[in-house]
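The values are calculated or read from the model by the stated rules, or taken from the named source; none is laboratory data. All figures in this text were calculated on a predicted structure; none of them were measured in a lab. Cβ placement follows ideal geometry from the backbone for every residue including glycine, while neighbour counts extend to all protein chains displayed.
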Amino acid sequence: MAATALVAVAGRAVAQTPGSWAGAGARREIHSIQISPDNTRFNDYLRDLTRPSTVIGVVGGGLLTHFHSKSNEWTQGTDGLARQIASNAGQVVVEMSVRHGLAAVMNRSTDTHYHPCDCHGFGPRVAHAFVETFTDRRADGSRAFSIPQVAGAYAGNFAQAAWEPGHSASAVAMGTTMSLGLSALFNVGRELTGLGR
């Protein structure tokens, strides 16, 4: 479970990196599908599901879990690997659906890019990294605790535990909390080393 959490953090981190595949979208629009002139949220949802970092996280997490798990029906042969990758994909679909759905209902931004701080000093940079990890923007531009992101992470992991054997509710809750914490620490490191710039 720890390996899966690390792959998930790496996937989120790549998704938040301005210089990544999605970073080009900050300068030019990438249209996944055109349904109507105001389908921006739906495009963002499809883009988050299909971005390379998401696919790498799903497949990489499936491989890590497959080769480092105790032997059970989910880890036997290529069928077990396929089940694990499909399970990870299902987890991502639930997470993104809850996150984007709640963001739409609450009129929140779904931007997952990490925006580096223009501030100076250790304290302000660390504070900024935590703010970027755990908040999102309201319609008026102000920040608020990111209920959509946190709820999506927990929903995805609990959904995966429902169809995958060997997970307890407490282990899922702890793993999700650790994953969110690791995302924050990764952003702190990126802010302090200037990698997010």
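Yes/no matrix, rows are residues, columns are (1) at pLDDT below 90; (2) surrounded by 20 or more Cβ atoms within 10 Å (Cβ to Cβ); (3) part of a helix (DSSP H, G or I):
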residue: Cys119; (1), (2), (3): yes, no, no
residue: Gly123; (1), (2), (3): no, no, yes
residue: Thr133; (1), (2), (3): no, yes, yes
residue: Gly141; (1), (2), (3): yes, no, no
residue: His167; (1), (2), (3): yes, no, no
residue: Ser170; (1), (2), (3): no, no, yes
residue: Thr177; (1), (2), (3): no, no, yes
residue: Ala184; (1), (2), (3): no, no, yes
residue: Arg197; (1), (2), (3): yes, no, no
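Answer yes or no as to whether Leu81 is buried (at least 16 other Cβ atoms within 10 Å of the Cβ), at pLDDT below 90, farther than 20 Å from Ser183 by Cβ and among the hydrophobic types (A, V, I, L, M, F, W, C). Yes, satisfied.
Exactly one residue out of Ala155, Ala151 is closer than 16 Å to Ser87 by Cα and modelled with pLDDT of 95 or more, and it is Ala155. Restricting Gly156, Gly123 to those that are within 25 Å of Gly90 (Cα to Cα) and out of contact with any Phe, Trp or Tyr (no Cβ under 6 Å at 6 or more places or on another chain) reduces the list to Gly156.
Please indicate, with yes or no, whether at least one residue in segment 143-155 is assigned to a helix (DSSP H, G or I), in contact with a helix residue (DSSP H, G or I) (Cβ under 7 Å, 6 or more places away or on another chain) and touching a residue at least 60 places away in the same chain (Cβ under 8 Å). The answer is yes; a qualifying residue exists. Name the one entry in Ala86, Ala103, Ala24 that is more than 16 Å from the chain's Cα centre (by Cα) and modelled with pLDDT of 80 or more. Every option except Ala86 fails the conditions.
In segment 95-116 there is no residue matching the filter, namely being in a helix (DSSP H, G or I), touching a residue at least 24 places away in the same chain (Cβ under 8 Å), touching a Cys at 6+ places or on another chain (Cβ under 9 Å) and farther than 19 Å from Ser53 by Cα. Report yes if Gly189 is closer than 24 Å to Tyr45 by Cα, assigned to a helix (DSSP H, G or I) and not aliphatic (A, V, I, L, M), otherwise no. Here the answer is no, as Gly189 does not meet what is asked.
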